[in-house]
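Heads up, the thing below is written out as structure tokens.
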There are 2 protein chains.
Amino acid sequence: MADAERKLNNGKSRIDFQADPSKYRHWKLTVGGDVATLLMDVDEKGTLFEGYELKLNSYDLGVDIELADAIERLRFEHPQVKVILLRSGKPRVFCAGANIRMLAGASHAHKVNFCKFTNETRNGIEDASEASGLFTICVINGTAAGGGYELALAADHIMLIDDGSSAVSLPELPLLAVLPGTGGLTRVTDKRKVRRDRADVFCTTEEGIKGKRAVDWRLVDEVVPASKLEEAVAKRAREFAAKSQRPAAAKGIALKPLTRERSADGVEYGTVSVELRAAALASEASGQRGQSQVRAPDTREDGSSARAALASEASGQRGQSQVRAPDTREDGSSARAALASEASGQRGHFKSARAGHSPEPGSSARARLATLTLRGPQAAPPASAEAMVEQGAEFWPLKLARELDDAILDIRANEFDVAAIVFKSSGDPAQVLAYDQFLDANKEHWLAREIRGFWKRVLKRIDLTSRSLVALVEPGSCFAGTLAELVFASDRSYMLIGKRDGDNKPPATLALATVNFGAYPMSNGLSRLASRFLADPTDLDRAKAAAGETLDAEAAERLGLVTFALDDIDWEDEIRVFLEERASFSADGLTGLEANLRFGGPETMESKIFARLTAWQNWIFQRPNAVGEEGALKRYGTGQKPAFDTRRV
Amino acid sequence: MADAERKLNNGKSRIDFQADPSKYRHWKLTVGGDVATLLMDVDEKGTLFEGYELKLNSYDLGVDIELADAIERLRFEHPQVKVILLRSGKPRVFCAGANIRMLAGASHAHKVNFCKFTNETRNGIEDASEASGLFTICVINGTAAGGGYELALAADHIMLIDDGSSAVSLPELPLLAVLPGTGGLTRVTDKRKVRRDRADVFCTTEEGIKGKRAVDWRLVDEVVPASKLEEAVAKRAREFAAKSQRPAAAKGIALKPLTRERSADGVEYGTVSVELRAAALASEASGQRGQSQVRAPDTREDGSSARAALASEASGQRGQSQVRAPDTREDGSSARAALASEASGQRGHFKSARAGHSPEPGSSARARLATLTLRGPQAAPPASAEAMVEQGAEFWPLKLARELDDAILDIRANEFDVAAIVFKSSGDPAQVLAYDQFLDANKEHWLAREIRGFWKRVLKRIDLTSRSLVALVEPGSCFAGTLAELVFASDRSYMLIGKRDGDNKPPATLALATVNFGAYPMSNGLSRLASRFLADPTDLDRAKAAAGETLDAEAAERLGLVTFALDDIDWEDEIRVFLEERASFSADGLTGLEANLRFGGPETMESKIFARLTAWQNWIFQRPNAVGEEGALKRYGTGQKPAFDTRRV
């Protein structure tokens, strides 16, 4: 189920992130020469869930899925388009933002996921501008409130009609007790660079700001009288088009529908398999407890090390006021053994500190794992850029990126019980590298550039996915070049040393290429390897020097490219125990932990949106003032006033 | 009441942030030459609240208040000290971190405030190193778990005894389902620059990491056998002392106890008055509703502008499917008038968009305001640095900073109903500037440097205070130089134009000085004026050019230094309506809003701690997996396992 509290419309059981322009319900995309018009004209009845109507160009996730699709299609299907005019098809309203009834009835998980996707879509609009020269001009013909103004903020240029009434506003705080959470606060301060006290006034003024003050305060770029609007829009479109390097004569490729075969256990794409299974072995997943609850593994009474320190401190009841240091334990667990053998330097590669410590039976009754296996190319790259265009959506790097993106979005929105995503691959690493070289060689070609850009966005989406990410680098895999990024995007990676007993697959290898050193920046602006090697730039230099080499497990571990290299003997147990343990931890704790550990180093506007802004909004989405029975979101539109706890925290 | 759920120990009614070394219960501070030893030896019974014991050097806010005090005293009272040895007085345990029983029983507000203060204290340890050359070496003689290791992370150098058992760990996630929230995650990634996958292993391994691996993974700087520990510590202390520029021959000043007179309505310090009052007029604060709840102002049924757009979209019940634009309203409110007159350019300075729109009666039944009036110096600066030392804690800039700091901490921890802090000042601006010039002239003197550093930290604390901050610049005030920073730290500032009718006080002025352009960086690394003028550096240049001038209200508004300049006629109503409205908004929404708007521009490790890390921790502190009846914090130490909702959000 996509959402615990609402039913999807039309009897659907999953949220589908694929869209088809011929079936758009909310947007009208028209292309004329180098200018496209993207007209928002939301169908009130075309809701994703039951129970609300999308009045006044308000939106739900379904509306945004179409928007994201339209932007992608402009990049791939219409490479000659240089300017998008983002307009409303409704009179006197541009967009009223996220639908409040939808938000009021949505589960916490859906709210959080909804905000994440809408943020990614708006970042995508900005990326189209920065990376592709596809500029967006937003024409506001009425009220742009809340998410409506946040959508405008993603544009390169905001035009506001000067009719004495049309205004931009962020009324979320005064009206709904939540934040403008789709990048609004961050873009007001960091993109539009509105003075902080003016931003404070703006964000607490329901009615918003219009006319000359909206320009003076940097909220919009210009105001235009109604009588001169079309002329002014055409002029701006020409100006922006003149700055774009998009190819005037290029012919686009069709983003054909993905082929997906779904079963109870997963989904099969052309180049990606998704397998879903319980995180714990069936025999362990006993039915002792309620379906949605599992026990944490760590309150055993045997008093080990850190636990002992904390536990005896906490309980004050056990008569155990001295720390029992790890080596005073007498159960001889391999956790101790691993630490001890490490200390004495006996083992070159790691053995998990927890090997042999199986979580208790029944600890993962509901949590699941999603294993994504990515398949390498079946054939060598095409002979020329023209041949690549000919292959279109079947061109392997593009096909894989689209399928991977869909698989991740599907898990995010529909599989809340998936605790961890495990990345595997199969294929010939040399072929993967050949495709990377092909794209390098054709990097000035618009389609090669768009494909690299698409991979950049898919990888960022993975970075931002609130599931534990694990890469298993096994015999027969092809984690090379672009695919190696999945290893570096993972929270942990394991690589098998040598061949498996009785298996003829070639030993696991890892290979770096040029593409790993800048083509795919994370939201912090650094490559994944630069983020990985923040401590010592010479680690990055060493990795660069190894580019092109076929690295076996021990070489990869030595270079710091994988977390652990393991023998076949240890492999199954180590991975099983790790994944079971992971699935037994608090889901929320992991989300917070990973959101902190994944983004070392600098912050950008984009990373600020997903950290500072999103984390605060998630907090507010838990607070009674917003979501309680008497909170502003619940009471909005009922005629009843919300009741607030006024205590500041 | 400091905390809703727990009672303070010893019959106290407030948390007191002042400490006296002669009465420390948890720390032993000894100074020998240029090395001080700060020994953590927590008194189990010396708790701040009732209901738990501080076993194994675990801590509560009371322990941290003494620690913060000790660091400040080393800076002011012992200027010759160059190295702090941070050690444990307990055998085989360094520190078990924040006390879990305390956390489990604390209100959300106290948990959040506790984390904020402990973070500030650890930042203070790092600031002592960076700004003052007072280095900290942490000597870990046993278990440093959770907050214990986070304390170590604040040090310049971490030594771990190599006895086969002593380890560092961050077991919060596996044991308690919360984050290491006192900077741990951020310092692991951004200060120690631990590789992200190793950080993942470390933060999910209860037992922690010890020995050589702790060094290899950059978690500690060295491991030392027990037999060589003292020798190694002495050697490191000599090395760090050699790098310090602290003055060997200087004599410190005594940080004498503050004088405070508390009444029902506030507290009087020597240079600061704190006045507490209801946010709404008494006649409006009717007793219609429960004490802790107020109504939000914004669900009136008259359907204005942004509200109309959102409301009719949300309700779908009102038969109002068209936006009613602001100018179609017929009530002629001054909000419209203000916007309209602004649009036509008739008015040079701002009139709030909400003037005349009074919140409903009863909307602020409990919310309060704290007005802090800062008094300027009574006399000219001393004649020399020696005379400044002679004045010691009575030297006006230091006295004011200490009193202001205490006032802010007191409000944060004890006055949760205070919605807004209003800064006022009274005195001679020329004298304030004279003190700034005196400190500039003596900036190489250790005490001048420490006083500037103290102001920097107080101002940062204000930036991080979760209350709306308002500066009122009125006749007779002295917001000049250092004191002008309070205007720039505020979410909004109002300045009165000219004299008040029947009042002989000189018109309000604002004056900038060198000190406003770099001496007091915010946690984002920029001065408050640079943060203010992100959009256009020439605004900052214009402000610099005006340094030293006496700016009246209209000049200050023209330079962008205040939000609004108002006539005497508008002043009372504008301020009253603004403050009442502010107090009627959702407290949580404001906290999130202000945390986003105050910190435009770059992020630093420090700002990441208070944004990314803290916001995620606050979220987790609301989630049932941690704080629910079956959550890990509640169940810890009870022998019952926590029950987790495994769904990932």
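The values are calculated or read from the model by the stated rules, or taken from the named source; none is laboratory data. Predicted, not measured: the structure shown is a model, and the values here were computed from it. Glycine also receives a Cβ, built like all others from the backbone with ideal geometry; neighbour counts cover every protein chain displayed.
For region B:158-200, residues that are at the interface with chain A (Cβ under 7 Å from one of its Cβ atoms) and among the aliphatic types (A, V, I, L, M) total 8. Flag: residue A:547 does not match the condition of being surrounded by fewer than 18 Cβ atoms within 10 Å (Cβ to Cβ), within 12 Å of chain B (Cβ to nearest Cβ) and without any contact (Cβ under 8 Å) to a residue 60 or more places away in the chain. Exactly one residue out of B:432, B:458 is within 19 Å of residue B:65 (Cα to Cα) and surrounded by 20 or more Cβ atoms within 10 Å (Cβ to Cβ), and it is B:458.
Among all residues of region B:412-419, there is at least one that is within 18 Å of residue B:579 (Cβ to Cβ), among the small types (Gly, Ala, Ser) and buried (at least 22 other Cβ atoms within 10 Å of the Cβ).
Any chance region A:214-227 includes a residue that's more than 9 Å from chain B (Cβ to nearest Cβ), outside any helix (DSSP H, G or I) and surrounded by fewer than 17 Cβ atoms within 10 Å (Cβ to Cβ)? Yes: region A:214-227 contains one or more residues that are more than 9 Å from chain B (Cβ to nearest Cβ), outside any helix (DSSP H, G or I) and surrounded by fewer than 17 Cβ atoms within 10 Å (Cβ to Cβ). Scanning region A:562-580 turns up no residue that is among the small types (Gly, Ala, Ser), closer than 27 Å to residue A:472 by Cα and within 12 Å of chain B (Cβ to nearest Cβ). Looking across region A:97-108 at every residue that is in contact with a Lys or Arg (Cβ under 7 Å, 6 or more places away or on another chain) and buried (at least 21 other Cβ atoms within 10 Å of the Cβ), the one that is farthest from residue A:411 (Cα to Cα) is identified as A:104.
Of the residues that sit in region A:518-531 and are surrounded by 20 or more Cβ atoms within 10 Å (Cβ to Cβ) and touching a Lys or Arg at 6+ places or on another chain (Cβ under 8 Å), which one is farthest from residue A:469 (Cα to Cα)? So the residue we want is A:519. The sole residue among A:169, A:165, A:132 that is buried (at least 24 other Cβ atoms within 10 Å of the Cβ) and not aromatic (Phe, Trp, Tyr) is A:169. Give the residue that is farthest from residue B:153 (Cα to Cα), with candidates limited to residues of region B:225-250 that are among the aliphatic types (A, V, I, L, M) and in contact with an Asp or Glu (Cβ under 6 Å, 6 or more places away or on another chain). The selected residue is B:226. Mind checking which pairs have a first residue in region B:559-582 that is polar (S, T, N, Q) and a second that is at pLDDT below 95, Cβ under 9 Å, 6 or more apart or different chains? As it stands, the answer is B:563/B:350, since those pairs meet every condition given. Could you tell me how many of the residues in region A:107-157 are facing chain B (nearest Cβ under 10 Å) and among the β-branched types (Val, Ile, Thr)? Number of matching residues: 2. Picking from residues in region B:429-456 that are out of contact with any strand residue (DSSP E or B) (no Cβ under 9 Å at 6 or more places or on another chain), without any contact (Cβ under 8 Å) to a residue 60 or more places away in the chain and of a type in the set (A, V, I, L, M, F, W, C), the one that is farthest from residue B:78 (Cα to Cα) is B:434. Going by the structure shown, is residue A:632 touching a residue at least 60 places away in the same chain (Cβ under 8 Å), among the aliphatic types (A, V, I, L, M), over 22 Å from residue B:599 (Cβ atoms) and facing chain B (nearest Cβ under 7 Å)? Against the criterion (touching a residue at least 60 places away in the same chain (Cβ under 8 Å), among the aliphatic types (A, V, I, L, M), over 22 Å from residue B:599 (Cβ atoms) and facing chain B (nearest Cβ under 7 Å)), residue A:632 qualifies.
Residues satisfying the criterion are present in region A:534-544 (criterion: without any contact (Cβ under 8 Å) to a residue 60 or more places away in the chain and at the interface with chain B (Cβ under 7 Å from one of its Cβ atoms)).
A single member of B:54, B:29, B:38 is of a type outside the set (Val, Ile, Thr) and more than 30 Å from residue B:445 (Cβ to Cβ), and it is B:54. Might you check whether a residue that is under 21 Å from the mean Cα position of the chain (by Cα), buried (at least 24 other Cβ atoms within 10 Å of the Cβ) and modelled with pLDDT of 95 or more occurs anywhere in region B:137-150? Yes, there is a match, as at least one residue in region B:137-150 is under 21 Å from the mean Cα position of the chain (by Cα), buried (at least 24 other Cβ atoms within 10 Å of the Cβ) and modelled with pLDDT of 95 or more.
If you go through region A:486-533 and keep only what is more than 12 Å from chain B (Cβ to nearest Cβ) and in a strand (DSSP E or B), you end up with A:496, A:510, A:511. Remark: pairs (first residue in region B:594-617, closer than 18 Å to residue A:201 by Cβ and at the interface with another protein chain (Cβ under 7 Å from one of its Cβ atoms); second residue of a type in the set (Asp, Glu) and not in a loop (DSSP other than H, G, I, E, B); Cβ separation under 8 Å; 6+ apart in sequence or on different chains) = B:597/A:200; B:598/B:463; B:600/A:190.
The rows are residues; the columns are (1) under 21 Å from the mean Cα position of the chain (by Cα); (2) farther than 30 Å from residue B:648 by Cα; (3) surrounded by fewer than 24 Cβ atoms within 10 Å (Cβ to Cβ).
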| residue | (1), (2), (3) |
| --- | --- |
| B:555 | no, yes, yes |
| B:561 | no, yes, no |
| B:569 | no, yes, yes |
| B:595 | yes, no, no |
